[in-house]
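Taking it in order: structure first as structure tokens, then the write-up.
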Amino acid sequence: MNAATIPAHVPAHLVGTFPLVLGQVTEENPFDHMIPDLHNGPAAVYVPGGYLGIEGAWFFPRAVDMQNVYADTEHFSVKDFAPFSKFLGDTWSLVPAEIDPPNHGFFRAVLNPLFAPRRMAALDERVRTYARQYIDEFKDRGQCEFVNEFAFRFPIAVFLELMGLPMSKVEDFLKWEKGLLHDPNIDNIIAATRSVKDYLLEEIEDRRKNPRDDLITYGINAEIDGRKWSTDELFGFCFNLFIGGMDTVSTTVALHFRHLAEHPEDQIFLRENPDKIPLAVEELMRAYSPAMQARTCIKPVQIAGAQVMPGDKVIMTPMVANRDPAAFENPNAIILDRNPRHLNFGYGVHRCLGAPLARREVIIALEEFLKAIPLFRIAPNAKIKTFLGGVIQPDCLPLVW
Ligand code: HEM
């Protein structure tokens with residue numbers, strides 16, 4: 001379907017716009033007005049081009065509707081929500097993000113122990129060491145460009161550690177991640193996807209011969225339904241960790257550090273009360289939720305008064321739901337001890353597999369940075385652009401102290 005086509009069942013008065021479409025860039029902080037203001041509009045909007053700029057999609061701003069769609073695997077499918085396999089002309093799916101129940105449950109049963117507390121505790125010191133190494137590189141300089149010098153590199157190092165890949169690959173992964181997720185040019189996206197695929201397939205073959213204590217080997221040894229995973233499933237799993245586990249953490253730390261740089265009172269509070277960092281991270285995750293996903297309707301259903309029909313896309317927008325005044329009192333105030341139940345990691349069966357790791361990474365980044373660096377702020381006259389759609393990502397964050 002073409003981006004501008006409006007299906008016959010969509011009434012004209014529900015057709016509208018949505019500012020967070022892939023490819024858009026803004027010079028304002030989108031969390032200041034752009035996102036909160038979406039709650040002044042209707043509860044259901046059909047957005048031409050709303051899905052990746054290529055196809056129409058429904059947008060439901062209210063938290064209750066978003067939570068219902070996440071939970072509703074009877075009317076909504078996750079198949080093909082990301083475009084990468086299609087771009088290569090391939091048939092693999094992200095595992096488990098693009099697998100519907102009941103198969104999804106078999107994969108999750110195998111994968112859930114991966115980020116259990118015992119495994120996280122074992123990883124903690126390594127994660128802390130990576131954070132310190134990057135901070136050491138700029139801490140005596142009085143300034144850094146936080147996005148490129150820390151926010152991107154730190155989660156890549158953690159990903160390489162988990163996958164048993166060499167740290168010498170950080171720069172390659174940074175290049176691929178930017179090509180895949182932050183380049184508007186489709187040829188560059190395809191080239192980056194192919195590079196990641198070639199590299200991960202080589203590593204999968206290597207682990208078949210040389211098993212190790214890493215997540216690739218874990219996938220190779222795993223079984224579902226009494227059989228080993230196929231190469232497509234193994235690759236879909238590795239690729240899911242690649243797109244799910246790095247960019248989301250990078251942008252989360254960038255958004256949280258931007259908040260602290262712009263709100264010295266919150267920064268001072270956390271410096272004086274480091275034990276409150278885990279609680280504060282929950283509120284910052286509510287307020288600065290970066291990642292959008294999609295669903296495809298498979299059975300007719302009414303949402304927020306709109307008739308949604310099979311084939312319709314829905315854009316999943318936790319960043320908007322998390323600012324819903326019907327779900328959170330004073331939603332645009334950042335109240336560090338609010339301890340909210342938020343949708344940052346989704347909801348229902350597909351709830352983020354890596355949430356325990358993501359939380360540890362963000363908490364450790366804050367703990368180590370606040371210990372090593374004095375009160376920081378955004379460099380005077382800094383111009384920060386933010387990429388919208390997919391992942392809400394500031395292009396830079398120049399900090400001074
Ligand atoms: C702050 C960082 C993160 C955010 C905001 C985030 C957000 C999300 C969301 C919203 C979902 C649900 C997607 C849906 O329902 O369609 C999800 C799923 C997933 N995430 Fe995360 N994520 C983060 C970090 C991570 C990390 C660190 C990993 C792994 C290393 C990871 C791996 C996954 C996987 C594998 C899924 C698919 C789960 C399933 O379908 O059962 N994520 N994530």
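Derivation of every value follows stated rules applied to the coordinates shown; laboratory data play no part. The shown structure was predicted, so the numbers you read here are calculated from the model rather than taken from an experiment. Backbone-built Cβ (ideal geometry, glycine too); neighbour counts: all protein chains shown.
Of the conditions (1) within 25 Å of the chain's Cα centre (by Cα); (2) under 24 Å from A97 (Cα atoms); (3) surrounded by fewer than 22 Cβ atoms within 10 Å (Cβ to Cβ), H259 satisfies every one except a single condition; which number is it? Among (1) within 25 Å of the chain's Cα centre (by Cα); (2) under 24 Å from A97 (Cα atoms); (3) surrounded by fewer than 22 Cβ atoms within 10 Å (Cβ to Cβ), H259 violates only (2). Of the strands (runs of 3 or more DSSP E) that lie entirely inside region 269-353, those containing 3 or more residues that are under 24 Å from the mean Cα position of the chain (by Cα) span 293-297, 313-316.
Across region 201-230, the qualifying residues are those that are within 25 Å of the chain's Cα centre (by Cα) and part of a helix (DSSP H, G or I), and the one among them that is farthest from I99 (Cα to Cα) is E203.
State whether the residues of region 87-101 include one that is touching a residue at least 12 places away in the same chain (Cβ under 8 Å), within 13 Å of the ligand (Cβ to nearest atom), among the β-branched types (V, I, T) and crowded, with 19+ Cβ neighbours inside 10 Å. Yes, because at least one residue in region 87-101 is touching a residue at least 12 places away in the same chain (Cβ under 8 Å), within 13 Å of the ligand (Cβ to nearest atom), among the β-branched types (V, I, T) and crowded, with 19+ Cβ neighbours inside 10 Å.
Return the only residue of E177, E171, E161, E149 being within 16 Å of the ligand (Cβ to nearest atom) and either under 19 Å from the mean Cα position of the chain (by Cα) or closer than 29 Å to W401 by Cα (or both).
Going through E177, E171, E161, E149 in turn, the sole match is E177.
Scanning region 16-43 for residues that are surrounded by fewer than 14 Cβ atoms within 10 Å (Cβ to Cβ), under 19 Å from the mean Cα position of the chain (by Cα) and in a loop (DSSP other than H, G, I, E, B) returns a single hit, G23. Between I334, I363, I378, which is β-branched (V, I, T) and within 16 Å of the ligand (Cβ to nearest atom)? Step by step, each of I334, I363, I378 is checked, and only I363 is β-branched (V, I, T) and within 16 Å of the ligand (Cβ to nearest atom). Close Cβ contacts (under 6 Å, 6 or more residues apart or on different chains) running from residues in region 337-355 that are more than 18 Å from A294 (Cβ to Cβ) to residues that are within 7 Å of the ligand (Cβ to nearest atom) and assigned to a loop (DSSP other than H, G, I, E, B) comprise A355/F345.
For region 102-114, enumerate the residues that are assigned to a helix (DSSP H, G or I) and more than 10 Å from the ligand (Cβ to nearest atom).
Within region 102-114, the subset assigned to a helix (DSSP H, G or I) is 103-114.
N103, F106, A109, V110, P113 - these are the residues of region 102-114 that are assigned to a helix (DSSP H, G or I) and more than 10 Å from the ligand (Cβ to nearest atom).
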